[in-house]
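The values are calculated or read from the model by the stated rules, or taken from the named source; none is laboratory data. This one's a predicted model, so the numbers in the text were calculated from it and none came from an experiment. Neighbour counts are summed over all protein chains in view; Cβ atoms, including those assigned to glycine, are modelled from backbone coordinates with ideal geometry.
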């Protein structure tokens, strides 16, 4: 399953950090961040609980970029 989330991030480099952190999260099959559109596209592993996974994605993104936001 794929879903798109709105994000808030200050620069393209920070968006890349968020993308990498999201990709490393358990339950995420793939992730891409479009800095210009302020969107995060997440593809989940089969059977993953998207809400629980996105809470972990947000937590992991905050570790690399503490002032970012994902609108879950």
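Results, tabulated for the structure shown:
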{"item": "Residue in region 16-27 that is loosely packed, with under 15 Cβ neighbours inside 10 Å, assigned to a loop (DSSP other than H, G, I, E, B) and either in contact with a strand residue (DSSP E or B) (Cβ under 7 Å, 6 or more places away or on another chain) or at pLDDT 95 or above (or both) present", "result": "yes"}
{"item": "Test set (1) crowded, with 19+ Cβ neighbours inside 10 Å; (2) within 10 Å of the chain's Cα centre (by Cα); (3) in contact (Cβ under 8 Å) with a residue 24 or more places away in the chain - residue 6 fails condition number", "result": "(1)"}
{"item": "Counted residues, region 38-72 - those being touching a helix residue (DSSP H, G or I) at 6+ places or on another chain (Cβ under 6 Å), closer than 15 Å to residue 13 by Cα and either loosely packed, with under 13 Cβ neighbours inside 10 Å or modelled with pLDDT of 95 or more (or both)", "result": "1"}
